[in-house]
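Let me begin by presenting the structure, written as structure tokens, before commenting on it.
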Ligand SMILES: *Cc1c(COP(=O)(O)O)cnc(C)c1O
């Protein structure tokens, strides 16, 4: 469920008409709904009720500070994967004790910064990383709380580029080697080994892979406890999928996911962390764009938009499907025809949809890409010297531009010409 609905024939974001927003912001832009963000965070928080837990939003999905602050004010923690995200979360007011640092390649500078902030936990992915964290923590007279990410060798049954839990993926340590690695970690002076971490992939549309992975984590918890480790926290990762097309897809609900967690690891008495990204923000965001031209090709019509692959790369990168809907509600029963929906970038890969059945659209019409909140703005670039597009946050009948559109000068002036030219 989201808060982007037609009202009086015009799509609204909560109580704000998109045409009003366009008049002020111009196109293209991303628009997020506070009510949807709140609702989705609450669904996860409620799903884990009765167990000590922290929902750590995986901020790589959408990292605007206004989104982080909205979620932080509800009590969310953050899962960060870089020094930049750590700085951003901190700037948005997220306290260190609610920040979990994940990722396979944390640099020494990033580890140092995280320890200085007193973060909640490092999710560690290799033995060299354990050694680095221990050494840096010791040099600061600190002990770093660590969970070790295990790779359970489970098929997440998702797109290959976003599956992370098979042994051929670069993530985590093989679960079969976990006992040895935990023993090594326990002997390192700068570490407090508190838990186990697992994350098997993104956009999972079934619960079975989670179940298989969490059962392995539960077994490992008992084994490690028997070895003398005080395992008291389990980080179960993110990855729950969302419906990208209305009607025919129904990924599992957070409450069923929560029940699965209780069933598989609830008896262990551990504090539970989860790291959802996409499900919190995916359907809380849309991309609004304008039709520049409708071009008749030999055997098809092209809808050429002012948004492009640099603004939303998911269709070209992951063959992702996004519903594309007109901002002005079409008449009931209006005829549809097939369009290839494309952007202006000089690559054939700059295609959002092929042979998409849409009601008639004309130059100047507005369209919205639904479910564009996750892995949209954060993956955008300035390819073709196209400015990063604005982000807008709606709150009831109010909205604010939370990232402004840069000018060409802002972009061009970042280059410097060396003295010999
Ligand atoms: C990407 C990622 C997530 C979030 O995945 P979603 O599919 O957006 O929920 C959580 N944890 C880790 C370690 C990740 O890399």
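Numerical summary
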quantity: Single match in 253, 220, 236, 191 (criterion: touching a strand residue (DSSP E or B) at 6+ places or on another chain (Cβ under 7 Å) and within 16 Å of the ligand (Cβ to nearest atom)); calculated: 236
quantity: Single residue of the stretch 155-174 satisfying the filter (within 16 Å of the ligand (Cβ to nearest atom) and within 24 Å of residue 131 (Cβ to Cβ)) that is surrounded by the fewest Cβ atoms within 10 Å (Cβ to Cβ); calculated: 170
quantity: Qualifying residue in the stretch 42-54 (condition: under 22 Å from residue 399 (Cβ atoms) and in contact with a helix residue (DSSP H, G or I) (Cβ under 8 Å, 6 or more places away or on another chain)); calculated: no
quantity: Filter result (within 13 Å of the ligand (Cβ to nearest atom) and surrounded by 21 or more Cβ atoms within 10 Å (Cβ to Cβ)) within the stretch 104-117; calculated: 106
quantity: Qualifying residue in the stretch 387-408 (condition: within 16 Å of the ligand (Cβ to nearest atom), assigned by TED's automatic domain parsing to the domain that holds residue 322 and either under 22 Å from residue 10 (Cβ atoms) or not in a strand (DSSP E or B) (or both)); calculated: no
quantity: Test result for residue 145, assigned by TED's automatic domain parsing to the domain that holds residue 234, outside any helix (DSSP H, G or I), crowded, with 16+ Cβ neighbours inside 10 Å and away from the ligand (no atom under 16 Å from the Cβ); calculated: yes
quantity: Given (1) in contact (Cβ under 8 Å) with a residue 60 or more places away in the chain; (2) within 13 Å of the ligand (Cβ to nearest atom), number of the condition residue 37 does not satisfy; calculated: (2)
quantity: Residues satisfying the stated conditions in the stretch 257-282, i.e. within 16 Å of the ligand (Cβ to nearest atom) and free of Cβ contacts under 8 Å to residues at least 60 places away in the same chain; calculated: 260
quantity: Residue in the stretch 370-377 that is away from the ligand (no atom under 16 Å from the Cβ) and assigned to a strand (DSSP E or B) present; calculated: no
quantity: Which numbered condition residue 47 misses (of (1) in contact (Cβ under 8 Å) with a residue 60 or more places away in the chain; (2) within 23 Å of residue 4 (Cβ to Cβ)); calculated: (2)
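Listed here are the residues, each with its yes/no results for (1) touching a strand residue (DSSP E or B) at 6+ places or on another chain (Cβ under 9 Å); (2) farther than 22 Å from residue 378 by Cα; (3) within 16 Å of the ligand (Cβ to nearest atom); (4) touching a residue at least 60 places away in the same chain (Cβ under 8 Å).
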site: 91; (1), (2), (3), (4): no, no, no, no
site: 101; (1), (2), (3), (4): yes, no, yes, no
site: 119; (1), (2), (3), (4): yes, yes, yes, no
site: 124; (1), (2), (3), (4): yes, yes, yes, yes
site: 127; (1), (2), (3), (4): yes, yes, no, no
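Yes or no, residue by residue, for (1) crowded, with 18+ Cβ neighbours inside 10 Å; (2) more than 13 Å from the chain's Cα centre (by Cα); (3) assigned by TED's automatic domain parsing to the domain that holds residue 390:
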residue: 42; (1), (2), (3): no, yes, no
residue: 48; (1), (2), (3): yes, yes, no
residue: 56; (1), (2), (3): yes, no, no
residue: 59; (1), (2), (3): yes, no, no
residue: 67; (1), (2), (3): yes, no, no
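The values are calculated or read from the model by the stated rules, or taken from the named source; none is laboratory data. Fair warning: this is a prediction, and the values are worked out from it, not measured in the lab. As a convention, Cβ positions derive from the backbone with ideal geometry for all residues, glycine included, and neighbour counts pool all protein chains shown.
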